[in-house]
1. Note down all Cβ pairs under 8 Å where the first residue falls in segment 119-146 and is without any contact (Cβ under 8 Å) to a residue 40 or more places away in the chain and under 16 Å from TYR85 (Cβ atoms), the second is within 9 Å of the ligand (Cβ to nearest atom) and assigned to a strand (DSSP E or B), and they're at least six residues apart or on different chains.
2. Right, GLU106: among the acidic types (Asp, Glu), in contact (Cβ under 8 Å) with a residue 40 or more places away in the chain and away from the ligand (no atom under 16 Å from the Cβ) or not?
3. Taking segment 261-282 as the region of interest, how many residues are surrounded by 13 or more Cβ atoms within 10 Å (Cβ to Cβ), of a type outside the set (Lys, Arg) and in a helix (DSSP H, G or I)?
4. Pairs please, first residue from segment 182-198 and more than 18 Å from TYR226 (Cβ to Cβ) and in contact (Cβ under 8 Å) with a residue 24 or more places away in the chain, second anywhere and of a type in the set (Val, Ile, Thr) and exposed (fewer than 15 other Cβ atoms within 10 Å of the Cβ), Cβ atoms under 9 Å, 6+ apart in sequence or on different chains.
5. Going by the structure shown, is LEU88 over 19 Å from SER234 (Cα atoms), in contact (Cβ under 8 Å) with a residue 60 or more places away in the chain and out of contact with any helix residue (DSSP H, G or I) (no Cβ under 7 Å at 6 or more places or on another chain)?
6. Specify which of the listed residues (TYR69, TYR23) is of a type in the set (Phe, Trp, Tyr), crowded, with 16+ Cβ neighbours inside 10 Å and at pLDDT below 95.
7. Return a yes/no flag: does segment 239-260 have any residue that is away from the ligand (no atom under 16 Å from the Cβ) and not in a helix (DSSP H, G or I).
8. Identify all residues within segment 158-203 that are of a type in the set (S, T, N, Q) and out of contact with any Ser or Thr (no Cβ under 7 Å at 6 or more places or on another chain); write none if there are none.
Amino acid sequence: MELNLVAVDKVETISKKDFINNYFKPQKPVVIERFIDDWPAYTKWSLEYMKEVAGDKTVPLYDDRPVDYKDGFNQPHATMKMSEYVDLLKKEPTKFRIFLWNILKEVPVLQKDFSFPDFGLRLMKGLPMLFFGGKDSYTFMHYDIDFANIFHFHFEGKKQCILFDQQQNKYLYKIPNSLITREDIHFSNPDIKKWPALKNAKGYITHLEHGNTLYMPEGYWHYMRYITPGFSMSLRSIPRNPIHLGKAVYNIVVMRSLDNVMRRLWGQKWIDWKNDYAIKRTHRLNNI
Ligand SMILES: O=C(O)CCC(=O)C(=O)O
């Protein structure tokens, strides 16, 4: 059996009013296909261009290895010069991804290529983040620590996105005190016999092409699989729902530090316990 996924709405473009009424208020995802056609980035941004402007930067890389207690929260697995990384992306499939790379800090010249769109939400100006991935690499299912509303702009290549809202948590094998599900679930083709609760989850699926914008509402789970090498930029706006805002503050102030302390105290036992508990709890909640 497959996952219960419906296609994310796709619109060519959208007015602020329609975006707020049809997507932001009901907290529903949408892909806007041609929202950024007038950005210089739309014509300029490619892997080759990134190599040109940022080739000598050292970039943090992540692969799909499971969380290790020796690593800090979100600590990179390797580093490389951007020029070598782009060459690698183009040459062969690689698991290495760049995750949460702050453009403003790293390559300020890229700021000239885009603007902060007016969707009727106040976007955080200091946090435009870039993500890169090689063919078939994927960003594990997670939601963001700050529960932000996310606008995700895709460049070069094609990317599959699978999304769930926070109501689905009890079906997703969520790891306690963290923002991820079991890392051994391959959401693009999950083994439902091994993960039976997943069949109760209702989510969304879409594919992004160059120039598409994906809106992900507050706290949405997202799994991204790079079908071909490419990259994306995310802009974010703080959550409006007070419960989400409270959870964001808790995550940033308590959850992250608690996890780091537990890793230091308990080591791998803490990670193993969390992974085990994710299954026990999910199966208990689903009478499995
Ligand atoms: O596309 C990716 O690799 C991850 C994107 C992501 O996690 C985000 O935009 O918050």
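The values are calculated or read from the model by the stated rules, or taken from the named source; none is laboratory data. Everything numeric in this text was worked out from a predicted model, so none of it was measured. Using ideal geometry, Cβ is built from the backbone for each residue, glycine included, and neighbour counts are taken over all protein chains shown.
1. Filtered contacts from segment 119-146: no entries.
2. Working: among the acidic types (Asp, Glu): yes; in contact (Cβ under 8 Å) with a residue 40 or more places away in the chain: yes; away from the ligand (no atom under 16 Å from the Cβ): yes.
Taking the combined requirement at face value, the residue satisfies it.
3. Quick first cut of segment 261-282, residues surrounded by 13 or more Cβ atoms within 10 Å (Cβ to Cβ) only: 262-263, 266-267, 270-271, 273-275, 277-279, 281-282.
After this cut, where a residue has to be of a type outside the set (Lys, Arg) as well, the list is 262, 266-267, 270-271, 273, 275, 277-279, 282.
Restricting the remaining residues to those that are in a helix (DSSP H, G or I) gives 262, 266, 270-271, 273, 275, 277-279, 282.
So the count comes out to 10.
4. Cβ pairs passing all conditions: PRO196/ILE288; ALA197/ILE288; LEU198/ILE192.
5. Working: over 19 Å from SER234 (Cα atoms): yes; in contact (Cβ under 8 Å) with a residue 60 or more places away in the chain: no; out of contact with any helix residue (DSSP H, G or I) (no Cβ under 7 Å at 6 or more places or on another chain): yes.
Answer is no for this residue.
6. Numbers: TYR23 fails: at pLDDT below 95.
Residue meeting the stated conditions: TYR69.
7. yes
8. Going through segment 158-203, the residues of a type in the set (S, T, N, Q) turn out to be 160, 166-169, 177-178, 181, 188-189, 200.
Within segment 158-203, GLN166, GLN167, GLN168, ASN169, ASN177, SER178, THR181, SER188, ASN189, ASN200 qualify.
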